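Trainee: Please see the structure below; I have some questions.
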Amino acid sequence: DGGITQSPKYLFRKEGQNVTLSCEQNLNHDAMYWYRQDPGQGLRLIYYSQIVNDFQKGDIAEGYSVSREKKESFPLTVTSAQKNPTAFYLCASSLRQGRDEQFFGPGTRLTVL
Amino acid sequence: SQQGEEDPQALSIQEGENATMNCSYKTSINNLQWYRQNSGRGLVHLILIRSNEREKHSGRLRVTLDTSKKSSSLLITASRAADTASYFCATDGGGTSYGKLTFGQGTILTVHP
């Protein structure tokens, strides 16, 4: 089955710890995205990548980092510098940036204890 | 900042009725997209409408776009209980924002059996 997967589904972190969220797609999409969603809110863009080894900051990149070493994978690291990391994180991909709909993964719910 | 603003924030209807959700935005767009999100899940793409299009249909969904008023509407006809979800509009601003979607805060639709 083609699709986009995220793991883990739930993640708990102690304050001061870095944590990495996984995002994998087998759709052969060029573009990948990370969003953050807070309760009752829409999505806000953290980082996006058009091609391998290239990525750009979105609207709320502070305290986050990404890498794009493979076309299929776009992991997100939530660092200790992120002041309020508890949120629902969604990864998405699209065939080409800007012209196509985005396909979303099921999300990772991160809770900082 | 959130460009798309949905109205109403919440909508409650009976099965069989039509549901209309509106989206307003502030700057010029390349395209506008509508997504659906079931509680705690990822988003599912519904329709993409480009800036040079005025109306699109997909099954029971009808989307209109009025670029002069910077607004769009999503109509769901003959609603079903399974349509209960949050609905988001997202704008692709084009230019330097090409491919970057900006989401509104969403409309929560509840369809009562």
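Trainee: Consider A:GLN41 carefully, then state whether it is farther than 25 Å from B:GLY106 by Cα, surrounded by fewer than 18 Cβ atoms within 10 Å (Cβ to Cβ) and within 10 Å of chain B (Cβ to nearest Cβ).
Mentor: Details: farther than 25 Å from B:GLY106 by Cα: no; surrounded by fewer than 18 Cβ atoms within 10 Å (Cβ to Cβ): yes; within 10 Å of chain B (Cβ to nearest Cβ): yes.
So A:GLN41 does not fit the description; no.
Trainee: Let me ask something additional. Can you tell which of B:THR77, B:THR67, B:THR107, B:THR96 is at pLDDT 95 or above, over 13 Å from the mean Cα position of the chain (by Cα), of a type outside the set (D, E, K, R) and closer than 30 Å to A:TYR47 by Cα?
Mentor: Numbers: B:THR77 fails: closer than 30 Å to A:TYR47 by Cα; B:THR107 fails: over 13 Å from the mean Cα position of the chain (by Cα); B:THR96 fails: at pLDDT 95 or above.
So the residue among B:THR77, B:THR67, B:THR107, B:THR96 that is at pLDDT 95 or above, over 13 Å from the mean Cα position of the chain (by Cα), of a type outside the set (D, E, K, R) and closer than 30 Å to A:TYR47 by Cα is B:THR67.
Trainee: If I filter segment B:42-55 down to residues being within 30 Å of A:LEU110 (Cβ to Cβ) and buried (at least 17 other Cβ atoms within 10 Å of the Cβ), which single residue comes out as farthest from the chain's Cα centre (by Cα)? Even if it seems obvious, please write down each step before you answer.
Mentor: Going through segment B:42-55, the residues within 30 Å of A:LEU110 (Cβ to Cβ) turn out to be B:42-46, B:48.
Filter once more, keeping what is buried (at least 17 other Cβ atoms within 10 Å of the Cβ): B:42-43, B:45-46, B:48.
Working: B:GLY42: 15, B:LEU43: 12, B:HIS45: 10, B:LEU46: 8, B:LEU48: 9 Å.
So, considering only residues that are within 30 Å of A:LEU110 (Cβ to Cβ) and buried (at least 17 other Cβ atoms within 10 Å of the Cβ), the one farthest from the chain's Cα centre (by Cα) is B:GLY42.
Trainee: Go through (1) facing another protein chain (nearest Cβ under 10 Å); (2) surrounded by fewer than 20 Cβ atoms within 10 Å (Cβ to Cβ); (3) among the aliphatic types (A, V, I, L, M) one by one and return the number of the condition B:ALA90 breaks.
Mentor: Result: B:ALA90 passes all but (2).
Trainee: Working carefully through the options B:ILE29, B:ILE13, find the one that is among the β-branched types (Val, Ile, Thr), more than 10 Å from chain A (Cβ to nearest Cβ), over 13 Å from the mean Cα position of the chain (by Cα) and assigned to a strand (DSSP E or B). Show your work before the answer.
Mentor: On the way: B:ILE29 fails: assigned to a strand (DSSP E or B).
On inspection, the qualifying residue turns out to be B:ILE13.
Trainee: Name the one entry in B:SER71, B:SER58, B:SER39 that is polar (S, T, N, Q) and surrounded by 14 or more Cβ atoms within 10 Å (Cβ to Cβ). It would help to see each step written out before you state the result.
Mentor: Numbers: B:SER58 fails: surrounded by 14 or more Cβ atoms within 10 Å (Cβ to Cβ); B:SER39 fails: surrounded by 14 or more Cβ atoms within 10 Å (Cβ to Cβ).
The unique qualifying residue is B:SER71.
Trainee: Among the residues of segment A:71-113 satisfying the criterion of being touching a strand residue (DSSP E or B) at 6+ places or on another chain (Cβ under 9 Å) and of a type in the set (D, E, K, R), which is nearest to the other protein chains (Cβ to nearest Cβ)? Spell out how you get there, then give the answer.
Mentor: Taking segment A:71-113 as the starting set, the residues that turn out to be touching a strand residue (DSSP E or B) at 6+ places or on another chain (Cβ under 9 Å) are A:71-79, A:81-82, A:84-113.
Among the residues that remain, those that are also of a type in the set (D, E, K, R) are: A:71-72, A:96, A:99-101, A:109.
Values: A:LYS71: 17, A:GLU72: 18, A:ARG96: 8, A:ARG99: 8, A:ASP100: 8, A:GLU101: 4, A:ARG109: 8 Å.
So the residue we want is A:GLU101.
The values are calculated or read from the model by the stated rules, or taken from the named source; none is laboratory data. The structure presented is a predicted model; accordingly, all values stated were derived computationally and were not measured. Ideal geometry is used to build each Cβ from the backbone, glycine not excepted, and the neighbour counts take in all protein chains shown.
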